[in-house]
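In what follows, a single structure is set out as structure tokens and then discussed.
The values are calculated or read from the model by the stated rules, or taken from the named source; none is laboratory data. Nothing here was measured: the structure is a model prediction, and the numbers come from that model. We place every Cβ from the backbone using ideal geometry, glycine too, and count neighbours over all the protein chains shown.
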Amino acid sequence: MLRIAVIAGDGIGPEVTTQAVRVLRQVGELDPALAFEFEELPWGTEHYLAHGAMMPKSALEHLRTFDAIELGAVGDPRVPDDVTLWGLLLPIRQGFEQYVNLRPVRLLQGVESPLRGRGPDEIDMLVLRENTEGEYSGKGDFLFPGDAAREMALQTTIFSRRGVERVVRYAFELGRRLGKSVTSVSKGNAMNFSGVFWDRVFQEVAAEYPDVASRSYLVDAAAMFFVQDPGRYQVVVTSNLFGDILTDLGAGIAGGLGFAASANLNPERRFPSLFEPVHGSAPDIAGRNIANPIAAIWSAALMLEHLGQTAWAASVLQAIERALADGERTPDLGGNRTTDEVGRAVAHRLAAFRPG
Ligand code: NAD
Ligand code: IPM
Ligand code: MN
């Protein structure tokens, strides 16, 4: 029995998460050896407005008992974003040492990239974003508040040896296993401490993997090549903020945020990992049953992979591609299907791709 915690969250979170859970339930239906049990946790902005906190104090203690966590999205125009995100998602990533944020940037079969002439073999990378420190340490201060002449904000960037080394090492292990190159993205010219340190640790670890091709780019040029020549990237490893920005850019070249999936991994499995779409709560389209659920469903596939169900993870991707080919597309892809219809369409097609 696999126990999955479901935090649907805000905005379109519940709409897309419902479809991810539908697909997981269908996998459980089709595979007699697999059983899922879902527990829905009513955490998020409504919880904050009712109780003054995004989630209960004991939340991490409770989440720890699950095999994995499926999350929708966090963020609501009624509450400042730093309050909601530091009240729910970011403490889970840090607290559960989910230091690898794995974000595939992959153009699916039949989806058109806005990059003219680029196909699935040229847009196929795994971006690994450091997920617990860096620019997102959460440490800082407001100095001289209320004194307009002197007030200032401090935002502390923390790069620890342990923090950089473990995500870079993960990248090289992955590169070695898949036979792919590893590209580091940083900013060692202007960031004369953190960037220099990142680059040095990357080089040290790279030296231990002479069989894996490696490269290092400055983030500005790296962003340009995402658009101009995405085929040069295979495994990409970068810091928290750069990874955040580059993966929305990656989503852009791979058909939009509706396709961007992510896995927040604790590789040692001391804590559960968390699976979520890269996109946010999309308040502009929430509640209308038009959000694209594929990013959430794909995230559920990443969960299956993490739970050792690699064949089923591949089946879910095949079912997604078949549904898209059959015209099951939400309005962001120029289609007229609802969120619910696309979720059902993917679940329905799973049987045709049953492993074995
Ligand atoms: P967003 O990702 O929510 O939306 C950006 C644009 O993409 C919007 O036009 C939206 O309609 C569209 N979009 C996003 N997901 C879509 C989908 N599945 N189908 C179709 N269209 C989709 O980013 P934003 O507008 O900058 O942020 C909105 C809120 O979400 C903010 O509160 C922000 O802090 C939060 N946020 C949360 C997460 C998360 O929970 N992981 C991620 C990003 C942003
Ligand atoms: C993401 C989101 C989050 C991040 C925000 C909501 C804090 O943009 O998962 O990409 O920056 O990590
Ligand atoms: Mn983001």
Restricted to the range 239-265, and to residues that are assigned to a helix (DSSP H, G or I) and among the aliphatic types (A, V, I, L, M), which residue is surrounded by the most Cβ atoms within 10 Å (Cβ to Cβ)?
Leu246
Could you check the range 222-269 and list, in sequence order, the residues that are among the polar types (S, T, N, Q) and under 30 Å from Val342 (Cβ atoms)?
Gln234, Thr247, Ser262, Asn264
For the condition surrounded by 22 or more Cβ atoms within 10 Å (Cβ to Cβ), among the charged types (D, E, K, R) and within 21 Å of the chain's Cα centre (by Cα), what is the one hit in Glu15, Glu97, Glu40?
Glu15
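Here's the yes/no breakdown for (1) on the phi < 0 side of the Ramachandran plot; (2) surrounded by fewer than 20 Cβ atoms within 10 Å (Cβ to Cβ); (3) in contact with a Phe, Trp or Tyr (Cβ under 7 Å, 6 or more places away or on another chain):
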site: Ile4; (1), (2), (3): yes, no, yes
site: Leu24; (1), (2), (3): yes, no, yes
site: Leu34; (1), (2), (3): yes, yes, no
site: Gly44; (1), (2), (3): no, no, no
site: Gly52; (1), (2), (3): no, yes, no
The range 270-296, residues that are part of a loop (DSSP other than H, G, I, E, B), more than 18 Å from Val342 (Cβ to Cβ) and within 16 Å of ligand 2 (Cβ to nearest atom):
Gly280, Ser281, Pro283, Asp284
Arg232 vs. criteria within 20 Å of Glu133 (Cα to Cα) and more than 16 Å from ligand 2 (Cβ to nearest atom)
no
Check the range 203-211 and report whether any residue there is in the same structural domain as Lys180 (by TED's automatic domain parsing), assigned to a loop (DSSP other than H, G, I, E, B), acidic (Asp, Glu) and over 22 Å from Leu107 (Cβ atoms).
yes
In the range 288-314, anything without any contact (Cβ under 8 Å) to a residue 60 or more places away in the chain and surrounded by fewer than 24 Cβ atoms within 10 Å (Cβ to Cβ) is listed as Arg288, Ile290, Glu305, Gly308, Thr310, Ala311, Ala313, Ala314
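If only one of Ala325, Ala347 is more than 11 Å from ligand 1 (Cβ to nearest atom) and farther than 20 Å from Glu70 by Cβ, which one is it? Walk me through how you get there before you give the answer.
Numbers: Ala347 fails: farther than 20 Å from Glu70 by Cβ.
Selected residue: Ala325, the only one of Ala325, Ala347 that is more than 11 Å from ligand 1 (Cβ to nearest atom) and farther than 20 Å from Glu70 by Cβ.
Conditions tested, residue by residue: (1) of a type in the set (A, V, I, L, M, F, W, C); (2) within 16 Å of ligand 3 (Cβ to nearest atom).
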residue	(1), (2)
Val219	yes, yes
Val227	yes, no
Ser299	no, yes
His306	no, no
Gly327	no, no
Thr330	no, no
Just checking, how many residues over the range 277-287 are crowded, with 22+ Cβ neighbours inside 10 Å and within 14 Å of Thr18 (Cβ to Cβ)?
1
Report, by residue number, each residue of the range 257-282 that is within 6 Å of ligand 1 (Cβ to nearest atom) and out of contact with any strand residue (DSSP E or B) (no Cβ under 6 Å at 6 or more places or on another chain).
Leu257, Gly258, His279, Ala282
Looking at the range 156-176, which of its residues are over 21 Å from the mean Cα position of the chain (by Cα) and without any contact (Cβ under 8 Å) to a residue 12 or more places away in the chain?
Arg162
Of the residues that make up the range 228-236, is at least one modelled with pLDDT of 95 or more, in a helix (DSSP H, G or I), of a type in the set (A, V, I, L, M) and outside the structural domain of Leu324 (by TED's automatic domain parsing)?
no
All-but-one check, Ile245 against (1) within 26 Å of Leu63 (Cα to Cα); (2) within 15 Å of ligand 3 (Cβ to nearest atom), failing number (1)
Selection over the range 110-134 where residues are of a type in the set (Asp, Glu) and more than 21 Å from Arg322 (Cα to Cα) yields a count of 2
